[in-house]
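Inspection log for the structure reproduced underneath, given as structure tokens.
The values are calculated or read from the model by the stated rules, or taken from the named source; none is laboratory data. No experiment lies behind these values; they were computed from the predicted model shown. Cβ placement follows ideal geometry from the backbone for every residue including glycine, while neighbour counts extend to all protein chains displayed. Note: areas computed on protein heavy atoms with side chains; ligands, DNA, RNA excluded. Shrake-Rupley method; radii C 1.70, N 1.55, O 1.52, S 1.80 Å.
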Amino acid sequence: MSFNTKILDANSPSSISVAASALREGQLVAFPTETVYGLGAIATSAEAVAGIFEAKQRPTFDPLIVHIAERGQLGDVVTHIPPLAMALADAFWPGPLTLVLPKQSTIPDLVTAGLPGVGVRIPAHPIALELLKSVGLPVAAPSANPFGGISPTTAQHVMDGLNSRLPYILDGGPCQVGVESTVVSFMGDHPILLRPGGCAVEELEAIIGPIERAAPNAALDDAAQPAPGMLSRHYAPSTPLIVMARNSEAVSIYGQKCGLLTYGKQPFSGSFVRIERLETSEDLQTCASRFFAALRSLDSCGLDVIIAHEFPDHGLGIALNDRLQRAACRSCDG
Ligand code: TXA
Ligand code: MG
């Protein structure tokens, strides 16, 4: 299906109700969250949700996160919440944390790729919350980019990737967190980290104790993946990307048009066509909020290669390093 995609300014009074009506009618609407923009559809309608997979060209083995406005809606999505999951919800919702919990039968199998668990979160973004309240139903939303590409942190990024594949993009300005939510599964006998993200894993562990890390899953087959966000190649620019160890000198490659993605006082030398320095200190929150936009801008310069400095291995740095590794992995799953 082809649309004349419209960007709705979230500050103008009718935008939320236009977006909410479109969702209720089964259409797709991209909307801002604190992490990245989501591509939303009513989660209880398999037909509406199918539109997400079509617009993103996303394989159906990759499950979607369901968004709700308040705790009262949890019962519409999951059958129960174990105490440790409840403790995390108490501490971090609304926020960049997705909990995978046993799904209600009203959530179509397409949403969870046939898995018994559903990912659910309450986003911490006033526009997202207003929209979800106005819709009154749970909304399934992956990041609003073509499958495997760089997640969008502005309405224009969504337009660049999905123009004509959806009727509306709700523009609430740039996303503050900038990396996707942390995903923790409670489907086994102990919690498992499926994806590091906007909620630092140390902060989660401070509340519920150690969280096992899921093994990286490089295989791409047609069985449902425990967390397809863990596909080795994901969040990928089309330009090859090389990751440099932290504090080692990034040097341009002779005869190649090189771009640099760096931060703080990380050392570099040589001749770079373009340099994206995320932050002059090493504030990881600021780095995260600018990361995907910087990667996109480097990817659009016709470079031969992007050289990127690794981040410190704590807090949001863990999520950023995870995205860098996936962006760098060109041969893992094509
Ligand atoms: O911050 C975010 O999480 C954003 C915003 C829009 O909320 N959404 C997002 O969705 O990043 P997506 O589809 O790009 O990534 C969702 C991740 C994938 O790794 C997916 O496999 C995992 O969450 N996931 C979703 N449902 C799951 C489930 N039932 N079981 C295991 N993993 C699940
Ligand atoms: Mg995504």
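Listed values, structure above:
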{"read-out": "Check on ASP283, over 20 Å from VAL36 (Cα atoms), charged (D, E, K, R) and either open to solvent by less than 10 Å² (accessible area, probe 1.4 Å) or out of contact with any Ser or Thr (no Cβ under 7 Å at 6 or more places or on another chain) (or both)", "value": "no"}
{"read-out": "Condition check for THR44: among the polar types (S, T, N, Q), at pLDDT 95 or above and more than 16 Å from ligand 2 (Cβ to nearest atom)", "value": "yes"}
{"read-out": "Candidates PRO152, PRO146 - the one that is within 16 Å of ligand 2 (Cβ to nearest atom), closer than 28 Å to ILE16 by Cα, assigned to a loop (DSSP other than H, G, I, E, B) and touching a strand residue (DSSP E or B) at 6+ places or on another chain (Cβ under 8 Å)", "value": "PRO152"}
{"read-out": "Condition met for PRO116 (away from ligand 2 (no atom under 16 Å from the Cβ), open to solvent by less than 20 Å² (accessible area, probe 1.4 Å) and not hydrophobic (A, V, I, L, M, F, W, C))", "value": "no"}
{"read-out": "Of all residues in segment 6-25 being polar (S, T, N, Q) and open to solvent by less than 50 Å² (accessible area, probe 1.4 Å), the one that is nearest to ILE42 (Cα to Cα)", "value": "SER21"}
{"read-out": "Number of positions in segment 112-142 that are touching a Lys or Arg at 6+ places or on another chain (Cβ under 8 Å) and assigned to a helix (DSSP H, G or I)", "value": "2"}
{"read-out": "In segment 68-110, the residues that are assigned to a strand (DSSP E or B) and open to solvent by 10 Å² or more (accessible area, probe 1.4 Å)", "value": "VAL100, PRO102, LYS103"}
{"read-out": "GLU205 surrounded by fewer than 16 Cβ atoms within 10 Å (Cβ to Cβ), in contact (Cβ under 8 Å) with a residue 12 or more places away in the chain and either more than 16 Å from ligand 2 (Cβ to nearest atom) or in the same structural domain as PHE92 (by TED's automatic domain parsing) (or both)", "value": "no"}
{"read-out": "Failed condition for LEU166, given (1) farther than 18 Å from GLU34 by Cα; (2) surrounded by fewer than 22 Cβ atoms within 10 Å (Cβ to Cβ); (3) of a type in the set (A, V, I, L, M)", "value": "(2)"}
{"read-out": "Within segment 238-261, considering residues that are surrounded by fewer than 21 Cβ atoms within 10 Å (Cβ to Cβ) and within 27 Å of the chain's Cα centre (by Cα), the one farthest from VAL305 (Cα to Cα)", "value": "ARG246"}
{"read-out": "Residue within segment 135-142 that is within 20 Å of GLU54 (Cα to Cα), within 16 Å of ligand 2 (Cβ to nearest atom) and among the small types (Gly, Ala, Ser) present", "value": "yes"}
